[in-house]
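Q: Here it is: the structure, laid out below.
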Amino acid sequence: MKVPIFFFTLFCEILLGGSLILTLFLPRFRVWPPPERKSWQYFFTWGLTIVSSGGVFILGILDWDNFIVHDWVRYPFGIGLIIFSFILVIWGVRTLGIYATQGLGGEFIREGPYRFSRNPQYIGDITLLLGYILLCNSILAGITGLLGIVWLVLAPLRKNLGLWSGLAMLIKIINLRYRGSYHYGAVNTVANTRLETV
């Protein structure tokens, strides 16, 4: 039972992570954040996220205590991380609001947990997965949980795409200069292209 769940969860996480990486390098193919609630991107991202999270949870139960941390000390640390993550995520959702939490936009917040981090909910979700992996001591939950963490690390990069667009613009300018067609008009064209893709 756990092997098919493992591979299905893995498949969903690879789809989710692959679409996010594609979004980072091809901004016009935008999966995250979704443009609106009724978009295919919204259902695709949140559907795969829910299925993947459920898969990690089920694998942790089915494959319980099947890895290397057999000491009792994993219980207080794992439970402590889970409790901390719930507090951080709930605090973040209450501060930011449900709409913006779903990736649907919102105003720039500088209060609550956002005084300390631009992405406290992602930090909370990462901490939750780490705590759950430690608590379950499961190799299958560990593999799928770590893939989930990779997605949670990459997801904020799409929201901060200015860095990626700036790098793309720099590469285009270097390329224009190398070809000998560097002039202010070309730079303006590249800059306008950058603004359209962000």
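Q: Starting from the stretch 54-81, take each residue that is hydrophobic (A, V, I, L, M, F, W, C) and list its partners that are outside any helix (DSSP H, G or I) and open to solvent by 60 Å² or more (accessible area, probe 1.4 Å), counting only C-beta distances under 9 angstrom and pairs at least six apart or across chains.
A: Between residues of the stretch 54-81 that are hydrophobic (A, V, I, L, M, F, W, C) and residues that are outside any helix (DSSP H, G or I) and open to solvent by 60 Å² or more (accessible area, probe 1.4 Å), the close pairs are 62/1.
Q: Continuing with this model, one more query. It is to be established whether one or more residues within the stretch 66-73 are touching a Phe, Trp or Tyr at 6+ places or on another chain (Cβ under 9 Å) and open to solvent by 60 Å² or more (accessible area, probe 1.4 Å).
A: Checked the stretch 66-73: no residue is touching a Phe, Trp or Tyr at 6+ places or on another chain (Cβ under 9 Å) and open to solvent by 60 Å² or more (accessible area, probe 1.4 Å).
Q: Test each condition in (1) of a type in the set (A, V, I, L, M, F, W, C); (2) open to solvent by less than 30 Å² (accessible area, probe 1.4 Å); (3) free of Cβ contacts under 8 Å to residues at least 12 places away in the same chain; (4) assigned to a loop (DSSP other than H, G, I, E, B) for residue 100 and report the one that comes out false.
A: Here residue 100 clears every test but (4).
Q: Shifting gears a bit: Find the residue count for the stretch 14-55, including only residues that are within 19 Å of residue 147 (Cα to Cα), in contact with a Phe, Trp or Tyr (Cβ under 7 Å, 6 or more places away or on another chain) and not small (Gly, Ala, Ser).
A: Result for the stretch 14-55: 7.
Q: Let me ask another. Quick one: is residue 7 under 18 Å from residue 101 (Cα atoms) and of a type outside the set (D, E, K, R)?
A: Taking the combined requirement at face value, the residue does not satisfy it.
Q: Can you tell me how many residues within the stretch 14-47 are open to solvent by 20 Å² or more (accessible area, probe 1.4 Å) and in a helix (DSSP H, G or I)?
A: Residues that pass the stated criteria total 13.
Q: Of the conditions (1) part of a helix (DSSP H, G or I); (2) open to solvent by 20 Å² or more (accessible area, probe 1.4 Å); (3) modelled with pLDDT of 80 or more, residue 110 clears all except one; give me its number.
A: Evaluating residue 110 over (1) part of a helix (DSSP H, G or I); (2) open to solvent by 20 Å² or more (accessible area, probe 1.4 Å); (3) modelled with pLDDT of 80 or more leaves (1) as the failure.
Q: Please give the number of the condition residue 125 fails out of (1) of a type in the set (D, E, K, R); (2) surrounded by fewer than 20 Cβ atoms within 10 Å (Cβ to Cβ); (3) under 17 Å from residue 154 (Cβ atoms).
A: With (1) of a type in the set (D, E, K, R); (2) surrounded by fewer than 20 Cβ atoms within 10 Å (Cβ to Cβ); (3) under 17 Å from residue 154 (Cβ atoms) applied to residue 125, the lone miss is (2).
Q: While we're on this one: Just give me the residues in the stretch 77-104 being modelled with pLDDT under 85 and more than 15 Å from residue 123 (Cα to Cα), in sequence order.
A: Correct list: 97, 98, 99, 100, 102, 103, 104.
Q: While we're looking at this one, here's another question. Exactly one condition in (1) hydroxyl-bearing (Ser, Thr, Tyr); (2) in contact (Cβ under 8 Å) with a residue 40 or more places away in the chain; (3) open to solvent by 40 Å² or more (accessible area, probe 1.4 Å) is not met by residue 85; state its number.
A: Residue 85 satisfies every listed condition except (3).
The values are calculated or read from the model by the stated rules, or taken from the named source; none is laboratory data. Computed from a prediction, not measured in an experiment: that's the story for all the values here. Virtual Cβ from ideal backbone geometry, glycine too; neighbours counted across all protein chains shown. Calculation scope for accessible area: heavy atoms of the full protein, side chains included, ligands and nucleic acids excluded. Shrake-Rupley method; radii C 1.70, N 1.55, O 1.52, S 1.80 Å.
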